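Chemist: First the structure, then my questions, so here it is.
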Amino acid sequence: MTISRRQLCSTGAAFAVVGLAGCLSGGDESAEGSGDDWTWSGSLPVESVVQHHDPDCGCCSAYVEYLDDHGIDVQVEETRDLEGIKRDLSVPEDAWSCHTIEFGDYLVEGHVPLEAIETLFEDEPAVLGITAPGMPQHSPGMGPPGDEPLTIYSFEESGETAAYVDV
């Protein structure tokens with residue numbers, strides 16, 4: 001997938017606005033236990049992960065609670081240079097969200113449901129990771145499940161992204 005500089009700038013600006021709205025909202029449902037409505041009874045070959053996020057982001061903390069509620073130990077690495085972390089880990093800009101998780105041999109970008117992560121480990125595709133780009137409503141940490149499926153994308157170090165699974 002090739003994007004123009006104008007599309008990249010527009011997308012980046014949109015992510016920034018959405019990110020600020022979600023992360024600075026403080027007391028809304030996206031920052032307070034919205035992962036409670038997300039159930040999962042599967043299993044993963046990973047018991048602990050590292051999540052990189054801005055210390056002021058409430059929805060990132062809600063996602064940590066979601067993982068913790070499902071038995072996954074989360075080591076939080078707070079940073080004011082999240083962009084630098086994403087670049088160091090080779091996360092393509094099209095895939096960016098408000099946090100990046102080192103999940104075993106894969107990266108998980110954003111508010112990805114555990115069902116999709118379980119599918120990732122079952123399929124073992126030759127990708128760098130999966131993402132719920134931006135901060136989609138009706139994803140873990142951003143509200144209860146919605147009526148429509150949430151599309152999760154895979155991404156490669158080359159920058160290529162592709163629809164991976166709907167959950």
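Chemist: What is the number of the single condition among (1) part of a strand (DSSP E or B); (2) touching a Cys at 6+ places or on another chain (Cβ under 8 Å) that GLY141 does not meet?
Modeler: Just one mismatch for GLY141, condition (1).
Chemist: Kindly evaluate PRO140 against the criterion of being of a type outside the set (D, E, K, R), closer than 24 Å to ILE85 by Cβ and crowded, with 18+ Cβ neighbours inside 10 Å.
Modeler: Yes: the conditions hold for PRO140.
Chemist: Count, please, the residues in the stretch 113-138 that happen to be part of a strand (DSSP E or B) and modelled with pLDDT of 95 or more.
Modeler: Looking only at that region, the number is 4.
Chemist: Answer with yes or no whether ALA95 is farther than 24 Å from SER43 by Cα, in contact (Cβ under 8 Å) with a residue 24 or more places away in the chain and buried (at least 20 other Cβ atoms within 10 Å of the Cβ).
Modeler: yes
Chemist: Now for a separate question. Identify, please: which residue in the stretch 149-167 is in contact with a strand residue (DSSP E or B) (Cβ under 9 Å, 6 or more places away or on another chain) and in a loop (DSSP other than H, G, I, E, B) and is, among those, surrounded by the fewest Cβ atoms within 10 Å (Cβ to Cβ)?
Modeler: PRO149
Chemist: Of GLY110, GLY71, GLY141, which residue is over 16 Å from VAL46 (Cβ atoms) and either among the basic types (Lys, Arg) or modelled with pLDDT under 95 (or both)? Lay out the reasoning, then the answer.
Modeler: Working: GLY110 fails: either among the basic types (Lys, Arg) or modelled with pLDDT under 95 (or both); GLY71 fails: over 16 Å from VAL46 (Cβ atoms).
Just a single option satisfies the conditions, and that option is GLY141.
Chemist: Now a separate question. Of the conditions (1) part of a loop (DSSP other than H, G, I, E, B); (2) modelled with pLDDT of 50 or more; (3) in contact with a Gly (Cβ under 8 Å, 6 or more places away or on another chain); (4) not hydrophobic (A, V, I, L, M, F, W, C), SER25 clears all except one; give me its number.
Modeler: Every listed condition holds for SER25 apart from (2).
Chemist: Return the total of residues in the stretch 89-142 being more than 14 Å from the chain's Cα centre (by Cα) and aromatic (Phe, Trp, Tyr).
Modeler: Looking only at that region, the number is 1.
Chemist: Kindly establish whether SER43 is in contact (Cβ under 8 Å) with a residue 40 or more places away in the chain and surrounded by fewer than 16 Cβ atoms within 10 Å (Cβ to Cβ).
Modeler: It is true that SER43 is in contact (Cβ under 8 Å) with a residue 40 or more places away in the chain and surrounded by fewer than 16 Cβ atoms within 10 Å (Cβ to Cβ).
Chemist: Still on this structure, please answer the following. I need the full set of residues from the stretch 98-109 which are surrounded by fewer than 22 Cβ atoms within 10 Å (Cβ to Cβ) and outside any strand (DSSP E or B), in order please.
Modeler: GLY104, ASP105
Chemist: Are there any pairs, at least 6 apart or on different chains, whose C-beta atoms fall under 7 Å, with the first in the stretch 136-155 and without any contact (Cβ under 8 Å) to a residue 24 or more places away in the chain and at negative phi and the second hydrophobic (A, V, I, L, M, F, W, C) and part of a loop (DSSP other than H, G, I, E, B), and if so, which?
Modeler: PRO149/VAL167
The values are calculated or read from the model by the stated rules, or taken from the named source; none is laboratory data. Just so it is clear, the model here is predicted, and its values are computed rather than measured. With ideal geometry, Cβ positions are generated from the backbone for all residues, glycine too; neighbour counts draw on all protein chains shown.
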